[in-house]
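Below is one structure; the comments refer to it alone.
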Amino acid sequence: MVLMEKLNSAFKPNTPIFMGEIQALLSEYSRPRIYQFIAEAVKSGALIRYDNGVYYIPTKTLLGVSKLNPQKIIEKKYIGSGDSVYGIYGGTLLLNSMGVTTQVPNVIEIFTNNETMRRREVMVGYQKVVLRKSRMPITAKNVELFRLMEFFNSIDINKMDKDTSFAQVVSHIRKKGLARDEIIEYAQSFPAKAVKNLLQSGVLYEIA
């Protein structure tokens, strides 16, 4: 089967495959022919349709055919794939990544280049996701700076344990190799709240 030969070469089992990726692999074929290939693969069980425009190559497990984790779709569609980075987690997951909370949210928030609206809710499988248009293009080079400033833009600084929480933030900044000058320069692109919280936190005095 032409389609499955190419998909098996390009994708690992149980990873999301988007319709655009299939069309790119079979660019020499017409769209109706591609849809025919997909229908045949789905009917045979070699390929599973997870959602509209989302497929995956299943594997056999002790419980039957494998299920695709929606988190993988979220990551690939809105956060990054391979060397490309185009989004970050916001909300509680952002606080979690900075080491200031261990809570796990029911709703995932994401800032991403792949959204045109200021705020939009979508369901990915059984997971509710709140998408927010990124303030500026997120790339592999600036993602840590974007994450840091979005953190300061989202917190209520008066409700935080400064001694504990901001010690974790300083540790995170040092781990990521962020310099004071680049943080200050990048902060200028964020709302006044983010800059105010950054300065009041005192973290800039702890890094070079």
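One residue stands out in the stretch 112-130 among those that are in a loop (DSSP other than H, G, I, E, B) and free of Cβ contacts under 8 Å to residues at least 60 places away in the same chain: the one that is surrounded by the fewest Cβ atoms within 10 Å (Cβ to Cβ), namely 126.
One residue is enough: does the stretch 39-53 have a residue meeting the conditions buried (at least 18 other Cβ atoms within 10 Å of the Cβ) and more than 27 Å from the chain's Cα centre (by Cα)? The answer is yes, given that some residue of the stretch 39-53 is buried (at least 18 other Cβ atoms within 10 Å of the Cβ) and more than 27 Å from the chain's Cα centre (by Cα).
A quick yes/no check of all residues on (1) closer than 24 Å to residue 134 by Cα; (2) small (Gly, Ala, Ser); (3) in contact with a Ser or Thr (Cβ under 6 Å, 6 or more places away or on another chain):
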residue: 16; (1), (2), (3): yes, no, no
residue: 20; (1), (2), (3): yes, yes, no
residue: 24; (1), (2), (3): no, yes, no
residue: 27; (1), (2), (3): no, yes, no
residue: 33; (1), (2), (3): no, no, no
residue: 39; (1), (2), (3): no, yes, no
residue: 71; (1), (2), (3): yes, no, no
residue: 83; (1), (2), (3): yes, no, no
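For residue 68, the conditions (1) surrounded by fewer than 18 Cβ atoms within 10 Å (Cβ to Cβ); (2) assigned to a loop (DSSP other than H, G, I, E, B); (3) over 14 Å from the mean Cα position of the chain (by Cα) all hold with the exception of (1). Of the candidates 155, 108, the single residue that is β-branched (Val, Ile, Thr) and under 25 Å from residue 195 (Cβ atoms) is 155. Taking helices (runs of 4 or more DSSP H) as the structural unit, no element lying wholly within the stretch 131-197 holds at least 3 residues that are outside the structural domain of residue 92 (by TED's automatic domain parsing).
Evaluate the following for residue 95: is it more than 13 Å from the chain's Cα centre (by Cα), in a loop (DSSP other than H, G, I, E, B), buried (at least 17 other Cβ atoms within 10 Å of the Cβ) and not polar (S, T, N, Q)? Here the answer is no, as residue 95 does not meet what is asked.
A single entry from 60, 77 fulfils the requirement of being of a type outside the set (Phe, Trp, Tyr), farther than 30 Å from residue 164 by Cα and crowded, with 20+ Cβ neighbours inside 10 Å: 77.
The values are calculated or read from the model by the stated rules, or taken from the named source; none is laboratory data. The structure presented is a predicted model; accordingly, all values stated were derived computationally and were not measured. All Cβ positions, even for glycine, are placed from backbone atoms using ideal geometry, and neighbour counts span all protein chains on display.
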